[in-house]
Amino acid sequence: MLTEILQTLSATGTTLVAVSKTHPPERIMELYRQGQRIFGENRVQEMLEKQAALPNDIEWHLIGHLQTNKVKYIAPFIQMIQSVDSLRLLLEIDKQAAKNERVIDCLLQFHIAEEETKFGLDESEARELLSDPAFTQMKHVRICGVMGMATFTDDRDAVRREFRHLHSIFNHIKRDFFPNAPFFKEISMGMSGDWQAAVEEGSTMVRIGSLIFGDRN
Ligand SMILES: *Cc1c(COP(=O)(O)O)cnc(C)c1O
């Protein structure tokens, strides 16, 4: 499955984040041996255990909700935090990144789905965050783009609308806040059930779990 997915993604230069949550290190190593280096986890504790047990050149992406008191544990090694949804969290990431003499790449997570349960900002909240003097003074975080999850539904048109919405948010924020920042380029959208539609709607990064690793219990 990995090979088929990668073949499709290579045509558009889309990055694959292999979402390994709930699966043991041995399963991650199987993909590692096939060349996969980017893995996504949604829980800090689980990521820490796997990070300690696995090769150092794995790039870990945090894709789940992050509590400010846990940032310090991942700050030494995390490649990208995709789930930034508040200024408070970003301040803590900046602080912990500074302590580790690093710059941490982040994505702003947007709420594009109809479900109430999903975390994320709306466009006006993101604008407020990016306009805040506290943000403009941060030197140890780099906002590389946006992330979102579509509604879990069979309604393909609804899912497409949500992906288009995220793409338009990306365009507006790029234009107004990052016009000359080549690093602001990521639109992280698409999961096992909707990644092809996401790529057609301009995704630069898909986060695929069950399609690669099989079902989670
Ligand atoms: C679990 C998860 C995924 C992957 O989901 P699959 O349906 O297994 O591909 C992607 N993104 C986030 C934020 C997740 O929590």
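A simple spin-label model places the labels of residue 4 and residue 99 4.5 nm from each other, with each point 7 Å out along Cα-to-Cβ.
Accessible surface for region 2-213, divided over its residues, is 48 Å² per residue with a 1.4 Å probe.
Measuring r between the beta carbons of residue 175 and residue 68 and using R0 = 25 Å, the FRET efficiency lands at 0.25. Could you pull out every one of the aspartates and glutamates with an alpha carbon less than 13 Å from that of residue 21, ignoring same-chain neighbours closer than 8 positions? Partners within reach: 41, 46, 49, 215. Could you look at region 106-212 and say what percent of its accessible area is carbon and sulfur, using a 1.4 Å probe and all protein chains? After summing per-atom areas, the C and S share lands at 50 percent. Evaluated at q = 0.10 Å⁻¹, a Debye calculation over the C-alpha positions of the chain (equal weights, vacuum) places log10 I(q)/I(0) at -0.42.
The charge dipole of the chain, taken about its Cα centre with unit charges on the Cβ of Lys, Arg, Asp and Glu (plus for the first two, minus for the last two), comes to roughly 720 debye.
Between residue 33 and residue 154, the simple spin-label model (points 7 angstrom out along Cα→Cβ) gives 3.9 nm. Which pairs, out of 50/139; 70/174; 139/185; 70/99, put more than 25 Å between their alpha-carbon atoms? Flagged as over cut-off: 50/139; 70/174.
The values are calculated or read from the model by the stated rules, or taken from the named source; none is laboratory data. In this text, all values refer to a predicted model and were calculated from it rather than measured experimentally. With ideal geometry, Cβ positions are generated from the backbone for all residues, glycine too; neighbour counts draw on all protein chains shown. For accessibility, only protein heavy atoms count, side chains too; no ligands or nucleic acids. Shrake-Rupley method; radii C 1.70, N 1.55, O 1.52, S 1.80 Å.
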